[in-house]
1. Which of the residues spanning region A:221-243 are charged (D, E, K, R), in contact (Cβ under 8 Å) with a residue 40 or more places away in the chain and closer than 14 Å to A:PRO50 by Cα?
2. May I ask you to verify whether B:ASN221 is surrounded by fewer than 17 Cβ atoms within 10 Å (Cβ to Cβ) and within 16 Å of ligand 2 (Cβ to nearest atom)?
3. Can you pull out the residues in region B:143-159 that are of a type in the set (A, V, I, L, M, F, W, C), buried (at least 23 other Cβ atoms within 10 Å of the Cβ) and either over 20 Å from B:ILE4 (Cβ atoms) or within 11 Å of chain A (Cβ to nearest Cβ) (or both)?
4. So B:ASP72 ticks every box in (1) among the charged types (D, E, K, R); (2) without any contact (Cβ under 8 Å) to a residue 24 or more places away in the chain; (3) within 11 Å of chain A (Cβ to nearest Cβ) but one. Which box is left unticked?
5. From B:GLU122, B:GLU81, B:GLU135, grab the single residue that is at the interface with chain A (Cβ under 9 Å from one of its Cβ atoms) and charged (D, E, K, R).
6. If you check A:ILE197, A:ILE158, A:ILE180, A:ILE192, which single one turns out to be within 30 Å of B:VAL87 (Cα to Cα) and more than 14 Å from chain B (Cβ to nearest Cβ)?
7. Restricting the search to region B:163-193, which residues are within 16 Å of ligand 2 (Cβ to nearest atom), more than 12 Å from chain A (Cβ to nearest Cβ), surrounded by fewer than 22 Cβ atoms within 10 Å (Cβ to Cβ) and among the small types (Gly, Ala, Ser)?
8. Mind counting the residues in region A:110-134 that are in a loop (DSSP other than H, G, I, E, B), among the hydrophobic types (A, V, I, L, M, F, W, C) and surrounded by fewer than 18 Cβ atoms within 10 Å (Cβ to Cβ)?
Amino acid sequence: MKLSNKTVDRIATAVFYFFAFLIIVLLAGLIGFILFRGIGHLSFDFLTSPPETFKTGGGIGPQLFNSLFLLVLTMLITVPLGIGAGIYMAEYSKPGKFTDFIRLVVEVLSSFPSIVVGLFGLLVFVNYFDLEFSLLAGALALTVFNLPLMVRITEQGIRGVPREQKEAGLALGLTRWKTITKVMLPVALPTILTGTILAAGRVFGEAAALLFTAGMSSPRLDFTDWNPFSPVSPLNPLRPAETLAVHIWKINSEGIAPDAAQIAAGASAVLIITVLLFNLGSRWLGRYLYRKLTASR
Amino acid sequence: MTSIMEIERLNLHYGEFHALKNMKLDIPKQTVTAFIGPSGCGKSTFLRTLNRMNDLVPGVQIDGSVKLDGQDIYSDDTDVETLRKRVGMVFQQPNPFPKSIFDNVAYGPRLHGIKDKARLNEIVERSLRGASLWEEVKDLLNKSALSLSGGQQQRLCIARALAVEPDVLLMDEATSALDPISTLKIEELVRELKKDYTIVMVTHNMHQAARVSDRTAFFLNGELVETDDTEKLFSNPVDSRTEDYITGRFG
Ligand SMILES: Nc1ncnc2c1ncn2[C@@H]1O[C@H](COP(=O)(O)OP(=O)(O)OP(=O)(O)O)[C@@H](O)[C@H]1O
Ligand SMILES: [Mg+2]
């Protein structure tokens, strides 16, 4: 039997719609389930108070703070490095063995399983460089797989800038560097920022790479002590820090508080909401910046 | 008439491909020189050697001498940025920056170090007037350049180039993406601009060359076949290939 093109087209369309529908249902179901289980547990108190080991009523305050602080630390390291390397790859690197090699390294690094990155962090940052379980070691481990992503995002953003824009800059007598920073980067910025926020979402939800680097415990934090060198200060980058994602893993596997299940559900809801916010935020910011930078109303 | 640019024994290779063959051309000051010839004959390539935009092409090799006011622009002590400030360029597709009209024109001067607001205002107005765009946009300076029509965008690009005060303006088929009315406006503008600037333009349109240029150079297959006063070249060409081309027998 020979099907007419029209029939084939219709069947193919139906199949694609079916898969698209399936993915949406799956996503909605997953998010809905996690939110449904956890959202009843959310309260201001839950988000700000410290966890309890044996009693009910513990919160996730320090973990939430740790996650955010670790994110900031990681981004402080990866954004400048990643943008610099991305610019190099897009504009300065000559096609050849060396460039291909860098590209290979970037690809391999970004596809490493995060538990392996965590073990690498344990060996190198925690043990060899003697950082012990610390935010800094965690941030460095996250850098290992976030940096390649940042490089790729920047490179793609810069390469996406139309050649006419670059030539317009050069033809005005701008140096190559000024053309890159003042003409091409602004055009690429929405792409780069969107990608960066998506990467941030990934960092925020990461657990495996942090188990053996940032650690699975936090010291009692004194939220009135903002001296980054004090051991009980939340800002001390050399203290161990359990993040939200690690906390969920931990109470799920070894939590003994009576309300451990609810706490895990609540914390999962917080995690998912935050990651969703990162995703939506990146879209919104990308659109906003594009409109703003192009001054188009 | 004194020449502002003198090109001699110019050869350009893209890798193995010999794109410009032993070319010689004088460009007199404050005139319009037009390049005509069939597609792929090397007009853009030649134009882009005049402000060293071909430097960007990997594997390009350029020999010979290209002088601006007697200075070889390919010598080691030439500062490419200074050269490109003196030899501005307008492209085939209007390519304004995705910024406001004001910022587009002020871009060059700002990045070359002019901070003073009053001075920038003055430069922007003068450049927009120079590009015959001021009357149309003086109340919209903060609007996006992308909201302008194609013809206005192209005149904005001319204004942007004028703002860094060049001596020579290169235009590569600057009207080919525009409608006839915008094209006529730019042609008129070019005739106006030659009072202060030297203009070199590539055009596919022989009538345009005849209408606006003082000198015309005919290119064919990487060779510069004939250069002469426009009137003379169109009425009485020396080379039979030129005659074939302008009478429409090929190309
Ligand atoms: N970057 C490049 N690498 C290799 N070859 C090139 C490059 N740019 C142009 N060429 C070749 O050089 C020749 C001249 O090209 P050029 O763009 O100067 O022609 P043109 O006269 O401007 O044509 P058109 O009227 O179509 O714009 C063509 O054969 C083209 O294929
Ligand atoms: Mg061309």
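The values are calculated or read from the model by the stated rules, or taken from the named source; none is laboratory data. Everything quoted here is computed from the prediction, not taken from an experiment. As a convention, Cβ positions derive from the backbone with ideal geometry for all residues, glycine included, and neighbour counts pool all protein chains shown.
1. A:GLU242, the sole residue that qualifies.
2. So B:ASN221 passes the test.
3. B:ALA145, B:LEU156, B:CYS157, B:ALA159
4. (3)
5. After applying the criteria, what remains is B:GLU81.
6. A:ILE158
7. If the condition is that a residue be within 16 Å of ligand 2 (Cβ to nearest atom), more than 12 Å from chain A (Cβ to nearest Cβ), surrounded by fewer than 22 Cβ atoms within 10 Å (Cβ to Cβ) and among the small types (Gly, Ala, Ser), then B:SER176 is the only one that fits.
8. Number satisfying all stated conditions: 2.
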